[in-house]
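Inspection log for the structure reproduced underneath, given as structure tokens.
Please treat every number below as a calculation from the coordinates, not as lab data. Worth saying up front: this structure is predicted, and the values here are computed from it rather than measured. Note that we place each Cβ from the backbone using ideal geometry, even for glycine, and neighbour counts take in every protein chain shown.
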């Protein structure tokens with residue numbers, strides 16, 4: 001198949017190789033034949049946040065620590081860096097400073113202690129297909145081991161057979177090395193989604209604002225899959241997060257007839273950083289923070305299935321394309337422009353949390369593309 005070549009203002013690229021952390025790794029006290037070059041640093045960053053965490057400075061606890069995340073496959077979108085550009089230019093003040101202790105955003109001002117102090121160490125964990133942490137026989141979470149590669153990037157550790165390795169426990173504490181190789185946990189960066197830790201009244205107010213719009217006119221989907229009213233997109237991150245919380249908790253939005261093709265993953269995407277990455281970690285941690293998960297009861301993703309081709313093959317958007325030295329509004333096919341006509345290959349045999357996370361990150365990638373190349 002021949003595809004039209006466009007010169008966009010900003011371009012994001014789709015990766016094609018799949019790596020998932022839903023498979024059982026080598027949970028051993030001694031691992032031989034380590035392979036530190038299995039995946040690229042770009043893929044590693046996607047698999048689990050690739051930011052050194054602090055979980056290996058102390059034993060992982062039972063209970064709240066079990067509400068952890070897990071990296072999904074490296075099959076999503078990688079954004080080509082633009083020289084001199086501020087990567088977090090769309091990060092609002094209330095998202096805090098990137099790289100904060102609790103997964104990137106830090107506690108918003110006035111957040112209080114109820115949510116803000118929970119989930120202090122959010123790191124990449126071994127999970128089942130539904131995103132539930134797999135525990136050791138002692139009831140402890142299994143933390144995926146990361147190492148620094150030759151270029152100084154934090155990447156998931158794999159054995160010679162390509163299996164992911166988890167950090168063993170020594171006297172109840174996470175080990176700091178395996179066979180003499182220093183290992184680290186990978187912190188999950190929630191970015192501006194960290195506002196989910198704010199007092200309930202923050203999201204309650206945002207929900208009221210969003211519903212007042214959605215019940216005032218005709219609800220459709222914009223070109224990136226977000227909800228729109230009479231052609232005006234609901235683009236507030238807070239409002240989208242409030243809608244996500246409500247829909248995932250109740251299965252509907254009160255008083256709103258949702259359009260054909262609506263996917264709740266688009267709400268999480270619209271609430272997140274456009275230039276971040278949504279993984280299974282992100283989804284499960286946010287569901288726990290918002291109360292969608294409760295205790296050891298997790299949202300059931302077993303019937304969730306996502307197909308990128310079916311979702312985006314016929315989707316189009318009008319964006320600016322460079323023609324003869326001038327940017328011209330042009331209608332493009334999003335499956336070609338954003339995903340390079342590459343479908344997502346599900347690493348599991350059934351639907352699950354990775355399907356939902358991939359869908360959310362794909363919506364995020366389309367939102368990013370349309371935003372960066374929008375006709376203004």
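Quote the convex hull volume per residue of the stretch 240-376, based on C-alpha atoms, as a whole number of Å³.
On the way: hull volume 17.7 nm³, N = 137.
Value for the stretch 240-376: 129 Å³ per residue.
To the nearest 0.05, what FRET efficiency results for residue 327 and residue 349 with a Förster distance of 51 Å applied to their C-beta separation? Working shown, then result.
Values: r = 45 Å, r/R0 = 0.88.
In this case the efficiency is close to 0.70.
Order of 247, 335, 309 from fewest to most other C-beta atoms within 10 Å? Intermediate results must be reported in sequence, preceding the final value.
Values: 247 18, 335 23, 309 13.
Fewest-to-most Cβ neighbours within 10 Å comes out as 309, 247, 335.
Taking 0.36 nm per intervening residue step and subtracting the Cα-Cα distance, what contour gain separates residue 318 from residue 216 on full extension? Could the numbers behind the result be given before it?
On the way: separation 102, 0.36 × 102 = 36.72 nm, distance 2.63 nm.
Result: 34.1 nm gained on full extension.
Exposure proxy check: 201, 213, 158, 316 ranked by fewest other beta carbons within 10 Å?
With the fewest neighbours first, 201, 213, 158, 316 line up as 201, 316, 213, 158.
In percent, how large is the relative contact order of the stretch 113-206, given Cα pairs closer than 8 Å and 6 or more residues apart? Walk me through the intermediate numbers first.
On the way: 107 pairs, mean separation 26.0, N = 94.
For the stretch 113-206, the relative contact order is 28 percent.
Once fully extended, how much extra length lies between residue 176 and residue 307, figured as 0.36 nm per residue of separation less the alpha-carbon to alpha-carbon distance? Let's see the in-between values first.
On the way: separation 131, 0.36 × 131 = 47.16 nm, distance 3.94 nm.
Net length gain for the segment: 43.2 nm.
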